[in-house]
Amino acid sequence: MSGDEEPVDCEACMAQKPTEPLASDCCGTGCSPCVLDLHDTELATWRRSCDRCHEGGAQTEHREPMENKQQATSCQDALSPDEYRAFKLQATKQITHDTAIYTFRLPGNSKLNLGVGQHIILRGPVNGRFITRQFTPISPPGMKGHFDVLVKVYNDGAMSQYITVWKEDDDIEWRGPYGTFSYQPNQYRRIVMLAAGTGITPMLQVIRHIVINEDDETFVRLVYSSRTYSDILLRETLNELTAYWNFTVLYALSRETPGEHPTSYGESFHYGRIQRDTLAAEMETSPQPETQVLICGTKSFDKDMLNFLKKLEFKGNVFKF
Ligand SMILES: Cc1cc2nc3c(=O)[nH]c(=O)nc-3n(C[C@H](O)[C@H](O)[C@H](O)COP(=O)(O)OP(=O)(O)OC[C@H]3O[C@@H](n4cnc5c(N)ncnc54)[C@H](O)[C@@H]3O)c2cc1C
C-alpha cells in the first residue's frame, strides 16, 4: 500500500511526513537505490509509524522511533542514501586557479564508510530550485572527524555558482554513498586507469585501496590527462603513491611542450592528447583478458577512450565511472 493512499488527520504525523524528492534529485545515472524509489519506502515507514501513533493514542509514541533513528544514525553512519544530511564546511584549500579541496566536519566518531570508488550527491539551491551533482570524496573512506571533496568550479557551471559562495561553518547537504563499482583484490593482473581532470577522484580511492593491501598484487597504471603541468590535480599525492611497488603514473599534458615546465624526480610525461597509439602501448604490458581499464573524465574524454579501446579490439574488462 502506498503511504499516500489515506489522508492523515494529525498535525504531529504530518510534521514527520517525508518530503517528496524533486525530479532533479535523481542524478539519472542509475544509482541503486534511487532517491525516488526510497521515498516510497520512507512513506511506508512513516505510515506505519502514524498507525502506531493512533492505535496507542499518544503522539509521543509516534515521535519516539523517529528521534531514536536520528540519534543512532548520527553516531554510526554519517551519511544516508535516503535523505540529505547537512555537514558543516570546516575549511577550503585552493589547489589550482579553479579547483579546491573542501573539508566537511563529521559528527563524533562517525565515518563516511564509502565503498571504494563510490560517490556522494550534493544538493544545493540554484536560481530558486534545488539541483544535485555527484562528487567523489578523496579522503580515505574510514577517516573519522572529517571528509574531503575536491571540486573544480566552472565559470558557467550551475552548481559551481552555489559552491563559490560557500563560507566556513555553512551547512552543506549530502546524501550517499552511491556507485556500482566493485573491487576484488587480485581479480585482474593489471588495472589501467584513464583519467582526465577531476576524474582523478575515484581513481585515487581505488589506487589507495590497492596499494595499502599487502596481499593485493594487482599492478596499477594511471594515465592522467591534464592541460598543463600546473593543472595536474593531486600531483604530490600521486607522486607519493608511486613509492609503492605496484603503482606508476604517466602524466599526459595536452597543452604543454617538453622542457617548458618544472618537473619533480621520477615523473613521466606524454605530450599531447591520449590517442589510440598511447593506449595500444599501455596495453602491451599484460595479457588483455587479465587487464581491467577504468575510465573517468569528461563526456568527450570517456567517449574517445571507449572508441580507442573498441578500435584496438580490447579483450579485457572496462568500467566507466
Ligand atoms: C560519479 C561522478 C563523480 C564526480 N566526482 C567529481 C569530483 O570529485 N569533483 C568534481 O569537481 N567533479 C566531479 N564530478 C562532476 C560534478 O558532478 C559536476 O558535473 C561538476 O562539478 C559541474 O557541475 P556544475 O553544475 O558546476 O556545472 P554544469 O552546469 O553541469 O556545467 C559543467 C561544464 O559543462 C558545460 N556544460 C554544461 N551543460 C552543457 C551542455 N549542454 N553542452 C556542453 N557543455 C555544457 C558548462 O559550460 C561547464 O563548463 C563527478 C561526476 C560524476 C558523474
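The numbers here are math on the coordinates, done by the rules we state, and not lab data. These numbers were taken from a predicted model, which means no experiment stands behind them. Quick reminder, even Gly has a Cβ in these numbers, built from the backbone with ideal geometry, and neighbours come from all protein chains shown.
List of remarks:
- In region 143-266, taking the dipole from charged Cβ atoms about the Cα centre, the farthest positive-side position among A158, H261, T248 is held by T248.
- Within the shell defined by Cβ-Cβ distances under 13 Å, the residues around E267 carry a net charge of -2, with Lys and Arg each +1 and Asp and Glu each -1.
- For A86, the shell of other residues with beta-carbons less than 12 Å away shows a net charge of 0, using +1 for Lys and Arg and -1 for Asp and Glu.
- Formal net charge of residues neighbouring T228 (Cβ-Cβ distance under 12 Å; K, R +1; D, E -1): 0
- Placed amide H near H270: partners under 5 Å, 5+ positions off or other chain: Y251, A252, L253
- Residues of region 116-152 falling in the label zone of R227, defined by backbone nitrogen less than 14 Å from a point 7 Å along Cα to beta-carbon, are 152.
- Rounded if a/c under 1.5, otherwise prolate or oblate - region 190-320, Cα gyration tensor axes: oblate
- Each Cα pair under 8 Å and six or more residues apart adds its sequence gap; the mean of these over the residue count of region 85-178 is a relative contact order of 40 percent.
- Region 132-182: C-alpha gyration tensor shape, a/c 1.5 cut-off, then a/b vs b/c: oblate
- Reach of K144 by Cα under 17 Å, taken over lysines that are not fewer than 8 positions away in the same chain: K88, K111
- Residues of type lysines that K299 reaches as a straight line, Cα spacing below 17 Å, ignoring anything fewer than 8 places off in the same chain: K152, K310, K320
- Amide hydrogen neighbours beyond the local backbone of I131, cut-off 5 Å, H modeled: G124, V126
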